[in-house]
1. Which of the residues that make up segment 284-303 are assigned to a helix (DSSP H, G or I) and either among the basic types (Lys, Arg) or open to solvent by 60 Å² or more (accessible area, probe 1.4 Å) (or both)?
2. Restricting attention to helices (runs of 4 or more DSSP H) lying wholly within segment 346-432, give those where 2 or more residues are among the charged types (D, E, K, R) and without any contact (Cβ under 8 Å) to a residue 60 or more places away in the chain.
3. Counting only residues that are within 16 Å of the ligand (Cβ to nearest atom), give me the helices (runs of 4 or more DSSP H) lying completely in segment 164-276 with at least 1 of them.
4. Picking from Ser115, Ser109, which residue would you name as being under 17 Å from Pro180 (Cβ atoms) and part of a loop (DSSP other than H, G, I, E, B)?
5. Output the residues belonging to segment 206-252 that are closer than 30 Å to Gln156 by Cβ, more than 12 Å from the chain's Cα centre (by Cα), surrounded by fewer than 24 Cβ atoms within 10 Å (Cβ to Cβ) and in contact (Cβ under 8 Å) with a residue 40 or more places away in the chain.
6. Under 6 Å by Cβ, and 6 or more places apart or on different chains, what pairs join a residue from segment 180-204 that is open to solvent by 10 Å² or more (accessible area, probe 1.4 Å) and among the aromatic types (Phe, Trp, Tyr) with one that is modelled with pLDDT of 95 or more and not in a loop (DSSP other than H, G, I, E, B)?
7. Mind listing whichever residues of segment 49-69 are of a type in the set (A, V, I, L, M) and open to solvent by 70 Å² or more (accessible area, probe 1.4 Å)?
Amino acid sequence: MLLKDKISEKLPDWQSRVSKLVREHGDKVVDQITVKQVYGGMRGAKVLVTDISYVDPNEGIRYRGHTIPELMKLLPKADGSEYPLAGGLYYLLLTGDVPNHEQAQEVESIWKSRSNIPPHVYETIKAMPSDAHPMTLFSAAILSLQNNSVFARQYQEGMQRTEYWAATLEDSLNLTAKLPAIAAYIYNLKYNNGNYIAPDFDLDWSANFAKMIGKDDPEYMDLSRLYFFLHADHESGNVSAHATHLVGSSLSDVYYACAAGINGLAGPLHGLANQECLRWLLDVQDSFDVLPTKAELEEFAWDTLNKGMVIPGYGHAVLRLPDPRFTAQYEFGKKHMPDDELFRLVQLVNEVVPSVLQQLGKVKNPWPNVDAISGTLQYHYGVREQDFYTVLFGVSRILGVTSNAVWARALGQPIERPKSLTTKMLEEIVKN
Ligand code: AMX
């Protein structure tokens with residue numbers, strides 16, 4: 001199979017690079033850990049490795065070494081669209097090579113052939129209480145697929161360590177193939193009277209999601225392609241990626257690991273910020289009949305901060321510039337909805353909020369992140385159910401975290417087990 005062969009071909013070189021590094025330089029110091037980092041969520045501590053993506057604080061995300069604008073040009077596009085095929089992105093994340101159109105389409109075909117969802121998954125989703133958050137349904141649906149894990153079955157049968165990654169790849173392809181239909185099912189169940197809309201296998205993975213939630217509009221299909229392209233990975237330390245990796249490091253299969261990552265994504269300081277951000281923008285709209293003036297918006301922002309709340313969609317643990325994922329969506333908005341009232345509000349917030357956050361004096365990055373605009377674009381096309389937005393993020397994020405999972409197994413990354421200390425021990429350390 002295309003992806004398996006390609007990874008097999010690349011693996012020996014990666015294995016020898018990693019084992020040489022560890023063998024010859026295993027005791028070299030990479031970084032020092034400060035007391036502030038120990039207490040501060042390990043911020044900036046360089047203790048993880050991934051080759052799938054890297055976040056440069058002053059430049060933003062690079063997938064396999066390529067920036068977002070570069071990949072918008074390089075990745076194969078869906079027919080008649082200027083936005084990348086998710087199949088091509090997955091090929092890139094998994095293999096490190098930019099695919100040609102045929103290779104991207106081949107991944108899309110693999111997905112189509114594995115997209116069928118066992119009926120018990122739907123039953124699991126339906127059995128949840130009607131007020132369960134869509135992320136709860138999404139996580140439960142992923143976990144309910146676990147009985148299909150190739151990795152778990154082969155492990156029980158006595159698989160060789162060298163085979164782990166190939167079984168993980170199988171699981172990853174099986175899971176990612178099903179994500180658009182699972183997400184669409186959740187959407188239709190919660191907001192569309194349970195109407196089921198069949199996939200259209202002439203469409204690509206991203207556009208098919210749009211189709212299955214009843215959006216035939218080519219512009220919304222393009223937005224889906226853009227959205228799933230932008231949210232796929234953000235190196236290894238963010239909560240969803242790290243949670244997935246941590247759980248996978250115990251040789252839990254990708255279903256267990258991805259459900260964990262999705263649960264982390266559901267937090268308001270991480271993926272749920274997209275829903276929170278739209279809510280905040282709508283609150284602004286409700287408070288003013290027309291677009292507020294800059295002074296009014298500034299006052300509204302201060303009100304939010306004075307209530308002890310964060311301004312969602314702004315700030316980042318690593319980035320120190322406007323997030324290029326924000327910029328790419330902003331460009332989409334400028335092209336397709338320049339006069340949309342909410343989009344104009346996003347523009348105004350972007351002009352006002354950074355300086356408010358700077359005045360706080362403690363925010364390290366006052367600029368917009370990916371979540372500052374993503375909900376607004378969805379809202380424009382009628383996907384107005386804010387609590388669904390993080391599911392969209394999750395569909396995309398699983399492309400990145402499963403790519404990481406395959407390579408973590410391929411390179412034999414061990415079970416994670418950092419060391420904890422007591423406060424007393426730290427007090428002793430600083431005394432000495
Ligand atoms: N509004 C108000 N206060 C903010 C802020 C914001 N948007 N961003 C940072 N701060 C505050 C922090 O809460 C912290 O305050 P404290 O010292 O009193 O606890 C202080 O500024 C320093 O924080 P930081 O070092 O700049 O950021 P961080 O690495 O601790 O946190 C993040 C990063 C994203 C959690 C934070 O910026 C935030 O809460 N932003 C709003 C929520 C959001 O948009 N999250 C989505 C991030 C992207 C993603 O993962 N999807």
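The values are calculated or read from the model by the stated rules, or taken from the named source; none is laboratory data. Quick caveat, the model's predicted, so the values are computed rather than measured. With ideal geometry, Cβ positions are generated from the backbone for all residues, glycine too; neighbour counts draw on all protein chains shown. For accessibility, only protein heavy atoms count, side chains too; no ligands or nucleic acids. Shrake-Rupley method; radii C 1.70, N 1.55, O 1.52, S 1.80 Å.
1. Within segment 284-303, the first condition is being assigned to a helix (DSSP H, G or I), and the residues that meet it are 284-287, 294-303.
Result: Gln285, Asp286, Ser287, Lys294, Ala295, Glu296, Glu298, Glu299, Trp302, Asp303.
2. Of the helices (runs of 4 or more DSSP H) lying wholly inside segment 346-432, those with at least 2 residues that are among the charged types (D, E, K, R) and without any contact (Cβ under 8 Å) to a residue 60 or more places away in the chain span 423-431.
3. 218-230, 239-248, 254-265
4. Exactly one of Ser115, Ser109 is under 17 Å from Pro180 (Cβ atoms) and part of a loop (DSSP other than H, G, I, E, B), namely Ser115.
5. Across segment 206-252, the qualifying residues are His245, Leu246, Ser249, Ser250, Leu251.
6. Within 6 Å, the pairs are Tyr187/Phe388; Phe201/Lys112.
7. Val49
Rundown of residues vs (1) open to solvent by 50 Å² or more (accessible area, probe 1.4 Å); (2) not assigned by TED's automatic domain parsing to the domain that holds Leu11, yes/no style:
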position: Tyr83; (1), (2): no, no
position: Ala86; (1), (2): no, no
position: Tyr91; (1), (2): no, no
position: Val121; (1), (2): no, yes
position: Lys126; (1), (2): yes, yes
position: Ala132; (1), (2): no, yes
position: Leu137; (1), (2): no, yes
